[in-house]
Amino acid sequence: MSQLLDVAGALYTRIPPTHRPRVKRVANYFLLRGAALPARRPVCHGRRVVFVDFESADLEAYEFIGPAKGEALVRARRSLVSPGTETAVLRGLPGARRSFPYVPGYSVCGRVERVGRGTRGLEPGTLVAGRMAHASHGIMTPASMFVVPDGVPPEEACFIELGIIVLQGIRKSRIRPGTRLAVVGQGLIGQLAVRLARAAGAGPIVAVASSLRRMASAMKPGGADQFVALEGEPDAVGGISAEIVIEAVGSSRAITTAMEAAREGGTVVLLGSSRDLGRNLDWWEIAQRRRLTLVGAHIGALPSADASAGRWTYRQEGCLFLDLLAANRLTVSDLVTWRASPAECNRVYEVLAEGGGEHVGIVFDWDHLAAEAAGNRGSRNAS
Amino acid sequence: MKQMRVAVVGAGGIAQRNASETARSGAAVIAGVYDVNARAARELARSLGGTRVFSSYREALESADVEAVLLSTPHHVHKSMTIEAAAAGKHVMVEKPIATTTEDAEEMIHRCRQAGVALTVNYSFRYLPKVRRAREIVESGALGEIAGVQVVSHQFKDPGYWMGGRSNSPDDWRSSRAKCGGGFLIMNVCHTIDYLYYITGLRGTRVYSEYATVASPGDVEDVVSVTCRWGERAVGSISASSVMRGADVSEERIWGTKGTLVLDTGGLSFYSTRPAGGKKPGRLHREAKFPEVSWTAEWVRRFVADVRAGRDPEISGRAGWENVAFITAAYGSLEAGRPLDVPSYSASVETPELVS
């Protein structure tokens, strides 16, 4: 088999580059069916967002093999853009370099259309949330799929993965009722951190950002008590003096800001995905003299099993996040600043590549795409 | 020929390539690796087969096992690191550009000369077979007197490039004019300018530029246009940009009274009214098949051979100085708002009273 692939690879390099995409499509067509047929699984169709190049996205049709046992074919209703991670890939930032085309997205809510042969306990029509790309249809696996409780709308449930990312950070911060908290960075992760910290009893909460552009959403009910913009007032951070500071940016500059915002003996929780190197830091002045505690809290260190009292599993965090939404102890839909049709994905990612403007939560509305497609079919039939 | 023992200094993206090609050259062996990012240094040392990791630059310079340093470090530290190496009696192989100013380059040249160590700059594109063939064609007289030189260098550098996204040691020095000396012109097009000097034998004598930072982070230019005079009579231009989407071009056209030579990514084409380069006159000839060679390894081999023979390196500090002189004059012309003469090496560098 490997010899066959070597021969195919050698032949492929002899094809003129302009013809390669077509050859690749034809080859994929047969390879997919060749894999689906013996497994007795259908070939499914959908549309998905693809990064075609740096700073450029497009919506494309795609095919995939239907669900295996335990898996579900999900028709997406909403998918949430993870602004930090997806923008990092889009711009080729350190630690996030991928080859193109690249399929982004990992936080989706949708309805089960079909389950794999032999699957029990999951019925078509169930509303689920979990890891899936930005696509009209895709496969969710049991390990990363949650049944959405009644009353939680798709627009809130699609926050599932980002909710888990933030919840595990909140847990590691050991927030107590009345903890004076600061959150550095007021992007989506930062604002979610503010809300989940409040749900955990923290307060007062100071939101720290580089500029004022996201103040309006950060100060909504359930959000921060105070907003500090460092633009033009860089010394303001020294007066924050928080017991716990959550860093939600992922840059060495933000980590430094977080340490400066902590009071003596305070704790700094590193929640952002760090993408650069901190150099030339005066560790004595910034951390040692002030007896700071640094807590690593990246999602990558979350256990899939074997939780301890202070370390919940991925599944536990996901269920808790959905329960908080169901009990109305947490609201996230008001963080959505752009409800975009997937057909607008090129514009969405262009805005993100340029810094995101005032946007916080961006959600793709896949129902809108389905309605558009139905409308087009209707108008074709009418004509 | 005795192999040269080289300390690799800097372990980022280009350093890894430079180091592996140096080892592959057969003319040198890697005596150890140093980087301010210790993890990057360890990883590079491991990939080189488990060579030594120096804990500081000073330790590398004090090692009797080191004959030369290969500096693949940010531009703004080339000068100080070269001077330290020269003082320690080590030969210096420095990544292009030699420095960010002619004054710095001059001091590097002087210090190396005073210390009796050799200095070379990594303008190894000269060793591309295509470039050497182009020089051969020009030297054969196929073009007659050169009338014009035009460069089009359009490509896309993603935002992460300027922040070290392609490196294992992210740093934003590339986006800083103070550290880098400029942007796309000094970082990338400097190679083209160097090999055009090499091919034509001409030097830029007067320049005027317009440049801007349109899309890239930091304050380094990502679009630049230079009008220049080459030698006495030839005239040319450089159009370069790192924000070209979907239509990359890398092309140099050299034309003269008897013919034309075009270099592009696929090879070269030339036309001559003379039977030159073994080809019939009056026809356009295309040469696209060139042997695959490691230009970096060739640079190392030539340098070691020159040092062992007691000769000045083929790509000397002078080549580095002349390159920076052209580029800084181009940058300076925008600030001055008028064309500037490109300083000449012999006049400003080799004058004895200027030697400190």
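Derivation of every value follows stated rules applied to the coordinates shown; laboratory data play no part. The shown structure was predicted, so the numbers you read here are calculated from the model rather than taken from an experiment. Every residue, glycine among them, receives a Cβ derived from its backbone with ideal geometry; neighbour counts consider all protein chains shown.
Using only Cα atoms, tell me the angle between helix B:295-309 and the longest principal axis of chain B; keep it within 0 to 90° and round to the nearest 10. Taking Cα atoms only, the helix is inclined about 70 degrees. Taking A:Gln288, A:Gln191, A:Gln226 in turn, the Gaussian network model of chain A (Cα-Cα springs below 10 Å) assigns the largest fluctuation to A:Gln288.
Peptide A:94-100 has a mean of 3 when you count, residue by residue, the C-beta atoms of other protein chains within 10 Å of its C-beta. Computed over chain A with a Gaussian network model linking Cα atoms closer than 10 Å, the most mobile of A:Arg290, A:Arg195, A:Arg114 is A:Arg290. Centre-to-centre, using Cα atoms only, the stretch B:1-30 and the stretch A:346-374 are separated by 48 Å.
Between A:Asn328 and A:Ala10, the modelled label-to-label distance comes to 7.0 nm, taking each label 7 Å out from Cα in the direction of the beta carbon.
For the protein assembly as shown, the equivalent ellipsoid derived from the alpha-carbon gyration tensor has semi-axes of 53, 34, 25 Å in decreasing order.
Comparing A:Arg111, A:Arg98, A:Arg171 in a Gaussian network model of chain A, where Cα atoms under 10 Å apart are tied by springs, the biggest mean-square fluctuation is seen for A:Arg98. The residues A:Asp367, B:Asp35, when put in order of fewest to most other Cβ atoms within 10 Å, stand as A:Asp367, B:Asp35. Cross-link reach is defined here as a Cα-Cα straight distance under 20 Å, omitting same-chain residues fewer than 8 places apart; for B:Lys90 the lysines meeting it are B:Lys2, B:Lys79.
Sorting A:162-169, A:213-220, B:25-32 by their mean Cβ neighbour count within 10 Å, with the most densely packed peptide first, gives A:162-169, B:25-32, A:213-220. Working value for the stretch A:162-326: equivalent-ellipsoid semi-axes of 24, 19, 14 Å, each the square root of 5 times a Cα gyration tensor eigenvalue, largest first.
Phi angles of the stretch A:212-221 translate, via the Karplus equation with coefficients 6.51, -1.76, 1.60 and θ = phi - 60°, into HN-Hα couplings of 8, 5, 10, 5, 4, 6, 5, 9, 5, x Hz per residue; Gly and Pro are given as x. Peptides B:103-109, B:64-70 ranked from most to least packed give B:103-109, B:64-70, packing being the mean of other C-beta atoms within 10 angstrom over each peptide's residues. Within 10 Å of the Cβ of each residue in B:148-161, the mean number of Cβ atoms contributed by other protein chains is 3.
Pairs of Cα atoms in the stretch A:10-74 fall into 5 Å distance bins, from 0 up to the last occupied one, in shares of 3, 14, 17, 19, 19, 16, 8, 3, 0 percent. Between helix B:190-200 and chain B, what is the angle of the helix's C-alpha long axis to the longest principal axis, kept within 0 to 90° and rounded to the nearest 10? Its long axis makes an angle of about 50 degrees. Calculated mean residue ellipticity, 222 nm, chain B: -10000 deg cm²/dmol, from DSSP H runs (n ≥ 4) at -39500 (n - 2.57) each, averaged per residue and rounded to 500. Volume per residue for the stretch B:126-289 equals 119 cubic angstrom (convex hull of Cα atoms).
Calculated mean residue ellipticity at 222 nm for chain A: -9500 deg cm²/dmol, from DSSP H runs with n ≥ 4 weighted as -39500 (n - 2.57), summed, divided by the residue count and rounded to 500. Rounded to the nearest whole Hz, the Karplus-based 3J(HN,Hα) values (6.51 cos²θ - 1.76 cosθ + 1.60, θ = phi - 60°) of the stretch B:249-261 follow the sequence 9, 9, 8, 10, 10, 10, 9, x, 5, 10, x, 9, 10, with x at glycine and proline. Working from Cα pairs under 8 Å separated by at least six residues, relative contact order for the stretch B:126-289 is 30 percent.
Take each residue of peptide B:244-250, count the partner chain Cβ atoms within 10 Å of its Cβ, and average: the result is 1. Amide hydrogen proximity for A:Ser82: with H placed 1.01 Å from N in the peptide plane, the residues at 5 or more positions away or on another chain lying under 5 Å are A:Tyr106.
Over all alpha-carbon pairs in chain A, figure out the percentage whose distance exceeds 38 Å. That fraction is 25 percent. For chain A, the longest principal axis of the Cα atoms and the long axis of helix A:2-13 meet at an angle of about 90 degrees. Pairwise Cα separations in the stretch B:26-67 fall into 10 Å bins from 0 onward with the following percentages, short to long: 32, 54, 14. Working note: Cα gyration tensor of chain B, eigenvalues times five, square-rooted, sorted largest first, giving semi-axes of 33, 23, 21 Å. Return the unpartnered cysteines for chain A, using a Cβ-Cβ cut-off of under 4.7 Å. Unpaired cysteines in chain A: A:Cys44, A:Cys319, A:Cys345. Note on B:His75, A:His45: ascending count of other Cβ atoms within 10 Å places them as A:His45, B:His75, the fewest first.
Relative protection proxy for A:262-270, B:86-94, from highest mean packing down: B:86-94, A:262-270 (other beta-carbon atoms within 10 angstrom).
So which trypsin sites (Lys or Arg not before Pro) in the stretch A:4-60 pass both tests, a DSSP loop state and at most 14 other Cβ atoms within 10 Å of the Cβ? Within the stretch A:4-60, the qualifying trypsin sites (Lys or Arg not before Pro) (loop, at most 14 other Cβ atoms within 10 Å) are A:Arg14, A:Arg40. Note: relative contact order over chain A, using C-alpha pairs below 8 Å and six or more positions apart, is 16 percent. Each residue of the stretch A:192-202 is assigned a 3J(HN,Hα), and the resulting list reads 5, 4, 4, 5, 6, 5, 5, 4, 7, x, 5 Hz, derived from the Karplus form 6.51 cos²θ - 1.76 cosθ + 1.60 (θ = phi - 60°), x at Gly and Pro. Net charge of the neighbourhood of B:Val151, taken over other residues with C-beta under 13 Å away and scored Lys/Arg +1, Asp/Glu -1, is -3.
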